[in-house]
Amino acid sequence: MTSSTVTGAGQAEAAAGRAGVRADGAPRPAVRRRGERSRLASAALHTTLVCASLVALFPVVFIVLVSLRGENGWTHPMELEGFTLSNYTHLLGKTEFTTWFLNSVVIAGGTMLVGVLIAASAGYAVSRMRFPGHKSLMWTFLICQMFPVAVLIVPLYNILGELRLLDSYGGLIITYCSVSVPFCAWMLKGYFDTIPVEIDESGRVDGLTPFGTFWRLIVPLARPGLAVTMFYTFLTAWSEVAFATSFLSSEGKYTLAVGLQTFVGPHRAEWGLMTAASVLIMVPAGLLFFFAQRHLVAGLTAGGTKG
């Protein structure tokens with residue numbers, strides 16, 4: 001057999017392989033690539049995801065429907081007729097909801113700014129600097145996270161009373177920071193560990209102070225991690241009930257969590273107003289998640305493999 005014949009046979013077999021058949025004309029068995037799912041597995045996965053999405057969306061849809069059904073809409077929420085905005089007009093016009101909303105925005109925004117600043121500073125210091133007690137500091141943060149809220153209410157109440165910060169925005173912001181900062185400092189410390197130390201060294205060569213290096217070089221690179229901490233600290237203050245109920249006594253300073261409790265009495269609950277308020281409360285958290293979502297995955301996973 002000549003070399004030209006062998007070459008021609010090889011070319012014919014290669015062409016047949018590209019066509020999906022063997023050289024003798026029989027169909028070539030399908031070869032599944034590594035990591036490729038079968039059609040049955042793909043269908044099962046998509047079915048599971050659809051069911052999970054429906055389960056997750058059902059409470060939200062239910063609350064929205066109840067809020068649009070009027071005062072007694074909770075008795076027949078799934079009827080797709082007779083929608084009205086009476087619950088929303090009553091909530092915004094005849095209750096103190098707007099005051100509670102603004103109070104919550106001030107407290108949650110203040111907690112977010114102060115908490116992120118403290119957590120970022122602590123995380124950066126432990127990640128880059130070696131000082132007496134830097135390891136015990138992080139373990140102290142971790143231990144602080146182990147105490148349940150019910151245990152912390154009494155000592156925090158006494159401390160705020162001594163500082164004359166009860167029934168004030170500042171006292172509640174400090175309280176929420178004491179809860180959110182330990183977790184955020186741990187997470188940001190792991191994120192700062194992923195940023196090369198050479199960047200700090202280049203900043204010092206250019207004459208920057210340690211704070212200048214942190215603010216001008218490290219903070220822009222740590223935006224994903226900072227986005228996660230901002231989101232976490234905001235939600236910590238936005239949806240918290242126990243501390244706000246214990247530390248606030250003036251109705252003009254009520255947050256949403258405290259104010260909504262006035263809709264529930266010993267003999268009657270205003271479910272229409274409760275559901276309408278719940279829908280409006282979801283809006284700020286949803287908007288913050290929308291703007292921060294592209295940073296959330298990177299910020300949560302970047303420091304996961306660094307000690």
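For the set V106, V66, the ranking by accessible area, highest first and with no ligand, DNA or RNA atoms included, is V106, V66 under a 1.4 Å probe.
Multiplying the residue separation of R216 and A150 by 0.36 nm and subtracting their alpha-carbon distance yields 19.7 nm.
Compute the signed sum of charges (Lys and Arg +1, Asp and Glu -1) over the other residues within less than 14 Å, Cβ to Cβ, of A122. Overall, the nearby charge balance is +2.
Ligands, DNA and RNA are left out, and with a 1.4 angstrom probe the accessible area of the range 122-268 is 53 Å² per residue. Answer rounded, prolate or oblate for the range 163-307, using the Cα gyration tensor with square roots of eigenvalues a ≥ b ≥ c: rounded when a/c is under 1.5, else prolate when a/b is larger than b/c, else oblate. Here the range 163-307 falls in the prolate category.
The values are calculated or read from the model by the stated rules, or taken from the named source; none is laboratory data. All values derive from a computational prediction rather than experimental measurement. Note that each Cβ is placed from the backbone with ideal geometry, even for glycine, and that neighbours are counted across all protein chains shown. Each accessible area value is taken on the protein alone, full model and side chains, heavy atoms only, with ligands, DNA and RNA left out. Shrake-Rupley method; radii C 1.70, N 1.55, O 1.52, S 1.80 Å.
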